[in-house]
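Chemist: Can you read through this structure? Questions will come right after.
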Amino acid sequence: MNSPLTEREVMQLSNCWVLFPILFVSILFGSAPLILGQEQAGGGISCFLKATDKNSEVQDYAWTRDHMHVGVRWQPFFGRPLANAYDAKRPVISVASSYAQFWVSWSAMEPTEAFTDYVNNPSPSLKTIEKAVEVCNQKGIKVEFVFFHCPAWASESGKAGGFKPKKDLFQGYVKRIATHFKGRVNAYQLSHEANLQGLMNGADIDFIINDILIAGAQAVRTVYQQEPVTPVIVSTSGMSPCENCPVTKGLSGRGGFAVDQFYSLMVSNSKLMGLVDALNLNVSDQNDGFGSMDGSYVPSVWGNYDLARGKLDAAGYQAKAMLSAESWISWDDGSSAVDVNGDGLKNEVDAYDKAVTIIGQCLQRGLNTINLPWSDNSSGWSMGLTKRRDYNGRIAELQPEIVIEANDGGAGIVTTKVGLRGPDDRFEIGKGGGNIFTVDDYINPSDPNHLHYYIWKWYAQISSGRDEVIRHAMAGEIGNDIAVTGRGFTGNERYRISSYNRSENRFTVLVYSSGASGKEAAKIKIPAQIQSGKYYNNESSVGKFKGEGFFDGSRYYARVITKDIDRKNGADRDVRYLETKGMVVQNGVLEVSIPKLNKFTAVEFVMRKKENSPSVNQKAASAKPESSK
């Protein structure tokens, strides 16, 4: 029989838990600080995420379609290495992210043909990206590159930016990048918003498919399949959510109709589908994220997922995945902002609500990667997870009126959108692009993070930072379900997501319940071993993970944090920490009962240490896959 829970409740204001037993005891005895909405490295990281020991060995593993990643789009600043080093240490990258997406603009990486010699004449942008990749590799963070734009020397028009490249030159660029970064970059996305003409003026859809997607995929595969053979993920292009933007020549109609057609053209091209692992979608809140395109083909962000996923399924490509392309959630009152909660305002609370819905809908459906911009910058959008910080004090020296103290005692917080021009010690301050936010737009000015960061960070538990994590059960999948029952699991929005941490031999379940009040109970059940799913961990998988987990008769325990996240400052509210005593796996099921369910619940199922040997799991799938093709 499974034993009942012993409940320990803590009403606390800090936004994080590190190692449950240690932190819980320290709170009980008054040695742990209670800090409102504070960003801390190491000492205060949200929920099941933990700080990385810089002396511990980084585990290497092959990223496959079955792996889950929640991370950031990180665009390091060339010419400002101190700024990049500061960003690399922020918890949004160093602790919570399992992968980082970098945009490698061809016109920046190779501004002139002389910079195609990466050994003897690397460009400043290439050196900057290389340093950031090195940081990720050291921390065990997986890396994805996204290709876009064209330098003037390589374009037919002689102009740099969104222009058609000369024949075969793009393939050469991809080959140079793949060769230089082989073994350090784990995934490549071949284009950006290729449904829009403005991203490649002069090109038509045939050129995009043949000379960009197919030729680019061939270049990556050729490099990575040479000795030493190295696994790699190759995907296509996200789709812009713009309904009225001019579409790429050769596509019909506009907006959602053209997106539908583009996906059909890709899926029907057997040569392309034989080269790529996945299609892509923009995970964004364009306007509100819930229907800014035609309302039919792409009625929502997750509707975009359903559209592409349905085409893959109909063509027999269940083994192909969907991955995140460019992603963002705007937090200010700019032109694309929408009052999604009906409170009459357009602010960070809307970003909170959009993050809950967009990330929850997409992850629950089966999207295995989510990334959001790491920090505010000078772009025309206001969509950073975190605020820009005065990392070296120079902004305060030049314009002290736009810097305020941070509540974590670290570098000051910049209160308006700026564009920094020049190196670390000599930069000047210019205005950023687009809607210029000010401190009045910050809902909690002294917090280094925006409000939706705390939602993203809660979801980031599913990929456990630098640990190797694969998709587990899927909500509603018969025989492979995440079953949540009880009166506590209620409300208009309810999400269930599960993963298996191969590094630690434990399962994680995230449950969101918008109507949960902290007064009613719920029970969570998942399979105790990795099952053969419709999309993941099946016979088409590169990694053979089926059967990993806990066997009948194994002893395990569950630990639970169920809480609310404050809609004004991101602080944890009404936190309940629960830990079971000895439990035994029966009938291939892991389960836990939660007496009082709050809105945000994270569960870890952990095998008792004496049974958690160097792992039946690792032995079952110790062979490294040769290729992700």
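Chemist: Efficiency by 1/(1 + (r/R0)^6): what FRET value for residue 138 and residue 493, r their Cβ-Cβ distance, R0 = 51 Å, to the nearest 0.05?
Modeler: Taking R0 as 51 Å, the efficiency between residue 138 and residue 493 is 0.85.
Chemist: What does a probe at residue 210 reach in segment 137-170, counting residues whose amide N is under 18 Å from the point 7 Å along Cα→Cβ?
Modeler: Correct set: 156, 164-170.
Chemist: I want the antiparallel fraction of DSSP beta bridges within the chain, as a percent rounded to 5.
Modeler: In the chain, approximately 65 percent of DSSP beta bridges are antiparallel ones.
Chemist: Can you tally the net charge around residue 314? Count Lys and Arg as +1, Asp and Glu as -1, for every other residue whose Cβ sits under 15 Å from the Cβ of residue 314.
Modeler: Counting the neighbours of residue 314, the net charge comes to +1.
Chemist: For residue 431, put the label point 7 Å out on the Cα→Cβ axis and report which residues of segment 370-409 keep their amide N under 19 Å from it.
Modeler: Correct set: 377-383, 399-403.
Chemist: Restricting to DSSP loop positions (anything but H, G, I, E, B) with no more than 16 other Cβ atoms inside 10 Å of their own Cβ, which trypsin sites (Lys or Arg not before Pro) remain in segment 82-166?
Modeler: 159, 166
Chemist: Looking at segment 88-182, what % of its DSSP beta bridges pair antiparallel, to the nearest 5?
Modeler: About 20 percent, rounded to the nearest 5.
Chemist: For the charge dipole of the chain, defined by +1 on Lys and Arg C-beta atoms and -1 on Asp and Glu C-beta atoms about the Cα centroid, which residue among 446, 433, 275 has the Cα displaced farthest towards the positive pole?
Modeler: In the chain, that residue is 275.
Chemist: Using 20 Å as the cut-off for backbone N distance, which residues of segment 126-164 belong to the label zone defined by a point 7 Å from the Cα of residue 112 along Cα→Cβ?
Modeler: Flagged as within label range: 126-128, 150-161.
Chemist: How many percent of the accessible area of segment 310-398 is carbon or sulfur, using a 1.4 Å probe?
Modeler: Heavy-atom surface of segment 310-398 belonging to carbon and sulfur, 1.4 Å probe: 46 percent.
Chemist: Within segment 404-511, report the trypsin sites (Lys or Arg not before Pro) that DSSP leaves as loop and that have at most 16 other Cβ atoms within 10 Å.
Modeler: Those that pass, being in a loop and sparsely packed, are 426, 487.
Chemist: For residue 591, what is the net charge nearby, where nearby means another residue's Cβ is under 11 Å from its Cβ and Lys, Arg count +1, Asp, Glu -1?
Modeler: Charge balance near residue 591 sits at +2.
Chemist: Out of (1) 1.04; (2) 1.17; (3) 0.95, which label holds the value of Rg/Rh (Cα atoms, Kirkwood Rh) that was computed here?
Modeler: Correct label is (3).
Chemist: With the dipole of segment 432-528 worked out from charges on the C-beta (+1 for Lys and Arg, -1 for Asp and Glu) around the Cα centre, which of 528, 500, 518 lies farthest toward the positive end?
Modeler: Ranked along the dipole, the leading option is 528.
Chemist: Summing Lys, Arg as +1 and Asp, Glu as -1, what charge do residues with Cβ under 10 Å from the Cβ of residue 419 carry, residue 419 excluded?
Modeler: The answer is +2.
Chemist: Scan around residue 548 for amide H atoms under 5 Å from its own, H built in the peptide plane at 1.01 Å from N, and keep only partners 5 or more places away or cross-chain.
Modeler: Amide H to amide H, under 5 Å and 5 or more residues apart or across chains, residue 548 pairs with 530.
Chemist: Can you compute the helix-only [θ] at 222 nm over the chain? Use -39500 (n - 2.57) per DSSP H run of at least 4 residues, normalise by all residues, nearest 500 deg cm²/dmol.
Modeler: Rounded to the nearest 500, it is -6000 deg cm²/dmol.
Chemist: Sticking with this one: Relative contact order, percent, of the chain when contacts are C-alpha pairs under 8 Å separated by at least 6 residues?
Modeler: 15
The values are calculated or read from the model by the stated rules, or taken from the named source; none is laboratory data. In this text, all values refer to a predicted model and were calculated from it rather than measured experimentally. Here the Cβ is made from the backbone with ideal geometry for all residues, glycine too, and neighbour counts use every protein chain on show. Side chains included, ligands, DNA and RNA excluded: accessible areas come from the protein's heavy atoms. Shrake-Rupley method; radii C 1.70, N 1.55, O 1.52, S 1.80 Å.
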